[in-house]
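Each remark here refers to the structure printed beneath this line.
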Amino acid sequence: MDRLCRAPINSSLWNIRTKVKPTPEIRSRDLPFNKPSATVLVSASNGANGGNGAINIKHISEQKDRLLLTAVKRALYTTEQEQGPGQVAFRVAYQGIPGAYSEEAALATHPGCQGLPCHTYAAALQSVESRVADRAILPVESTVEGSIHRNYDLLLDHRLCIVGEIHYPVYYCLLAPPGVDREEIKRVMAHPLALSQCRRTLKTLGLANVSMQTSDDTAGAAECVSRNGPRGTAAIASARAAEIYGLRVLARGIQDESCNFTRFLILARDPIVPTADRPCKTSIVVAHDGELGVLFKVLSAFSFRDINLTKLESRPTKNRPLRVVGDGPAFVKEFHCVFYIDFEASLSDRRVQNALTELKEFASFLRVLGSYSVDATPKA
Ligand SMILES: O=C(O)C(=O)Cc1ccccc1
């Protein structure tokens, strides 16, 4: 059992899972005992938290953890029974719980999909690898804070391809239980990104000196405030989270910058390379071991072919080995430097193929993360 799974056993989140409707058809032989790793779908049936979740479990052994096994025995290994034969919904995995912005982005990109809440980003990605979900949605950068580096590194640690992107407008609200007024707020709970993007507005709302508490996702903060936050605790989350968790909106649009977008990537098991007749982007990762002039050579390979770069992030990874999973066996390597690059062209474009061939001549590592259509939604 992995760390992520052990933690929630005693938490209320886990209790929600142990409240699942027993599903009589689950037999021990259907469960992934003694498999090196497995993602198990858990079905919860109570109000706000109803729906399905995925947990990652490693090395389940019958003796090891009775509590876990009881919950797992109530879990569905596949939700086909719930949906009816042949009626499995298109599932999009995201980190967080219902009401998170990632879920909103999943629904915006895949209307009518079934969102699959996961404890961690890694669990969301793994649920696609293990075919529990069809897509994962991953926030990678925001207009205000820039790149979310850990999520970029996760792309290397999983065998998934980028098949789309969305720049989703993040519109934060200050939420509190009904009957609690703004003047009573002593504590604000939110995802770290939300706290940092609302700091100035909180000050103008007279909340500069309240204590700040972080949560794993915005909806998690809303759920916590609604369930057991001490009186005087508010959450920063979406209006939708307020609806789901029965909170009141004390203030709307509290982000410091009106133009507050988060870029989410859509990840799938297999590439879907768009044809070159529409605006496309390709994302790649290039690494080198300290040779001189690599950045210049990378830039010239694209500039020479008139390919426009939209992102170039240079990450020194010396003393910080990266785990890389690709077509071959996974490996851990301490590159001197890793470049994350996005450019405006599809892999089906001959210029791109030539540029990549050139990069291979001097890079110690090159991986194409995916080609996909540009999200051209206006950002104003
Ligand atoms: O916590 C959430 O709701 C998320 O989906 C992650 C996030 C947090 C803040 C801005 C965008 C995405």
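Any read-out appearing in this document is the output of simple, stated calculations on the displayed coordinates, not a laboratory observation. Remember, it's a predicted structure, so these values are computed and weren't measured experimentally. As a convention, Cβ positions derive from the backbone with ideal geometry for all residues, glycine included, and neighbour counts pool all protein chains shown.
At a glance:
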{"item": "Two-decimal log10 I(q)/I(0) for the range 251-363, as the Debye equation yields it once each C-alpha is a single scatterer, q = 0.15, 0.18, 0.24 Å⁻¹", "result": "-0.81, -1.06, -1.43"}
{"item": "Viscosity 1.002 mPa s, 20 °C: Kirkwood-radius Stokes-Einstein D of the range 147-196 over Cα pairs, µm²/s", "result": "145 µm²/s"}
{"item": "Amide H contacts under 5 Å for G164, placed H, 5+ residues apart", "result": "I266"}
{"item": "Within-10-Å neighbourhood charge of D217 [Cβ basis; K, R +1; D, E -1]", "result": "-3"}
{"item": "Sorted by Cβ density within 10 Å, fewest first, the residues T317, T214", "result": "T214, T317"}
{"item": "Residues with amide H under 5 Å from that of G115, placed H, sequence gap 5 or more", "result": "V92"}
{"item": "Peptides ranked, highest mean first, by Cβ atoms within 10 Å: ranges 339-345, 97-103, 350-356", "result": "97-103, 339-345, 350-356"}
{"item": "Per-residue HN-Hα couplings for the range 154-163 [Karplus 6.51, -1.76, 1.60; θ = phi - 60°; Hz; x = Gly/Pro]", "result": "4, 4, 6, 7, 9, 9, 10, 10, 7, 10"}
{"item": "Rh (Kirkwood; distinct C-alpha pairs) - the range 218-263, Å", "result": "11.4 Å"}
{"item": "For the range 77-208, radius of gyration divided by Kirkwood radius, i.e. Rg to Rh on alpha-carbons", "result": "1.04"}
{"item": "Cβ crowding within 10 Å averaged over residues, with 254-261, 177-184 ranked highest first", "result": "254-261, 177-184"}
{"item": "Stokes-Einstein diffusion coefficient of the range 177-278, Kirkwood radius over Cα pairs, 37 °C, 0.692 mPa s, in µm²/s", "result": "218 µm²/s"}
{"item": "Summed residue charge, Cβ within 12 Å of L359's Cβ, Lys/Arg positive, Asp/Glu negative", "result": "+2"}
{"item": "C-alpha center-to-center spacing [the range 331-360, the range 103-178] in angstrom", "result": "23 Å"}
{"item": "Most to least packed among 142-153, 191-202 [average Cβ atoms within 10 Å]", "result": "191-202, 142-153"}
{"item": "Positive minus negative residues near R240 (Lys, Arg vs Asp, Glu; Cβ under 12 Å)", "result": "-3"}
{"item": "Contact order relative to length of the range 161-275, as percent, for alpha carbon pairs under 8 angstrom and 6 or more apart", "result": "48 percent"}
